[in-house]
Every structure is written in structure tokens, then in C-alpha cells.
Amino acid sequence: MKRANSFHSPDAQRGKLKHTGKGFMNTRASANCRYQPTCYEHAANCYTHALLIVPAFGGMALLHRLSDTSWERVTAVVYGLGLCALFLVSTVFHIITWKKSHMRSVEHCFHMCDRVVIYFFIAASYSPWLNLRELGPLAAHMRWFVWLMAAAGTIYVFNYHEKYKLVELAFYLTMGFFPASVVASMSNTEGLQELACGGLIYVLGVFFFKSDGIIPFAHAIWHVFVALAAAVHYYAIWKYLYKSPDALLET
Ligand SMILES: [Zn+2]
């Protein structure tokens, strides 16, 4: 019965889609349309990030507890909120797309939020490295510059949302890799391997991000790549920036 519902859902009708792959995938969207997931894909999109909201809050609390200075505490909260916001906004957006797609303006608003939060998540992911490691006088400017880039990305989303998808992707990749040049130049190189590994997982995931309608559950697979990369980065931040050196010696 559910399959029949998904076939006749407003999503499917709006995009005049042919139901293929036994409900696991719809046909690829045309140039200026958004891909309409099947019911199963909607569910996967929601669950893959919903399950990470509570662990993200737990991760933030752990880093906060391990903090020795107020600057470490502030950084733990900023990074933790970025992590929580990413999974929370993504989940809410996918629930609305799935269950409330008739509320077009609400869906549009959350789609923009889903995109904006990625910029702030990237800035938040770099902040522990930029805030808690020693940087040269020029490199130290990256501490505020990442937030300026996030603000610029937000302005872009509000003005050109969904208009130039490749430009948007180029913005994400630039923001994702430009601060890495500063982090890579730090005298203390501990954790750089994990950082690079996480970055590579994000980049591999982009392949699936662009494969809606070609690979079933492509967007949910992209979510899994995001979760894996975020977990690798969290591990590196916990191990090299928050865990006390004494505890490191014991392991
Ligand atoms: Zn998503």
C-alpha cells in the first residue's frame, strides 16, 4: 500500500516521474528541477542523519568536559554546535521534504538552511585547529576568515539558491580546502593525517551527492560519507586537541 502512496505522492506527480527500481529510485531530475526521492529514499535520508543528533550533543558535552581553559570550552561549544546543527537541520529538512512537501515555502526555507548550515559546519570544524594550535601571524587571520567565508556563503545561498549548482559546489570545496593550507602549515603536525583522511571521505562522498537518480539511495549514501568524515575529524580533535597528554601516554 505504501508503495502505491509513494507513486502517487505530490512529489512524484510534481516532477512527472516514472517510478523505477521497485521504489528504490526515481528518474533523474531535469536541468532546473530537484530530484524527487522515493519513499524509501526519503526515509533513508532522514534516518541517516537523525541517528547522529544525540551522539553529536554527547560529543560536544565530552569536549566541553575535557576542556581546561575557557578558550577550549568556547571552542568545544562552537564546534559542537556546528556538528549538532548540521545533523539537526538536515534531518528537519528531509522530514519536511518527505512529509510536508505541500508546504512549499517552509520546504524552500529549510532547504536553504540545510545549505547554509554546511558553510557554518565547515567553519566550526576548522575552529578547534585554528583556535587551539599555534599559528603564524598571517595564518592566524584564518580564525576569523573562515567565519567570513561562511557568511559570504550564506549571502550566496539567499541570493542564488539552486541557480548555479556547480558554483555552489565550487564554493563548498573552496571553503573546505582553503583553510586546510593554514592548518597544514602549522609546526605541530599531529592529527593532520586524520584531517586529510576526513577531507578525502567528504570529497569521495560528493560523487554520491551528485548521483541522485543514477544510484539508488545516493543522497543517503552521501549522508553516510558526511557522518564518517565528521567522525574521523571529531576523533582527531578529541585525541590531539582535548585529551590530556597524560591520558595519551596511557594508551
Ligand atoms: Zn541531505
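The values are calculated or read from the model by the stated rules, or taken from the named source; none is laboratory data. Bear in mind the structure is a predicted one, so any value in this text is a computation, not a measurement. Neighbour counts run over all protein chains shown; Cβ positions are idealised from the backbone, glycine included.
Search the range 57-70 for residues that are in contact (Cβ under 8 Å) with a residue 12 or more places away in the chain and pair each with any residue that is crowded, with 16+ Cβ neighbours inside 10 Å when their beta-carbon atoms are under 6 Å apart and the residues are at least 6 apart or on different chains.
So the pair list comes out as PHE57/CYS84; GLY59/TYR234; MET60/GLY80; LEU63/ALA76; LEU63/TYR242; HIS64/ALA76; LEU66/TYR242; SER67/ALA76.
Rundown of residues vs (1) within 18 Å of the chain's Cα centre (by Cα); (2) surrounded by fewer than 22 Cβ atoms within 10 Å (Cβ to Cβ); (3) under 24 Å from LYS210 (Cβ atoms); (4) not hydrophobic (A, V, I, L, M, F, W, C), yes/no style:
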residue	(1), (2), (3), (4)
THR27	no, yes, yes, yes
TYR47	yes, yes, yes, yes
GLY58	yes, yes, no, yes
SER67	no, yes, no, yes
VAL74	no, yes, no, no
TYR79	yes, no, no, yes
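Which one of ALA230, ALA236 is away from the ligand (no atom under 14 Å from the Cβ) and part of a helix (DSSP H, G or I)?
Sole residue among the options that is away from the ligand (no atom under 14 Å from the Cβ) and part of a helix (DSSP H, G or I): ALA236.
Counting residues that are within 15 Å of the ligand (Cβ to nearest atom) and at pLDDT below 95, which helices (runs of 4 or more DSSP H) fully inside the range 9-78 reach at least 3?
It comes to 39-50.
Can you confirm whether TRP98 is at pLDDT 85 or above, under 30 Å from ASP68 (Cα atoms) and over 14 Å from the mean Cα position of the chain (by Cα)?
no
Among the numbered criteria (1) within 16 Å of the ligand (Cβ to nearest atom); (2) of a type outside the set (Asp, Glu); (3) closer than 23 Å to ASN26 by Cα; (4) without any contact (Cβ under 8 Å) to a residue 40 or more places away in the chain, which one does VAL224 miss?
(4)
Taking the condition of being of a type outside the set (Gly, Ala, Ser), in contact with a Phe, Trp or Tyr (Cβ under 8 Å, 6 or more places away or on another chain) and under 26 Å from LEU166 (Cβ atoms), how many residues in the range 196-241 meet it?
15
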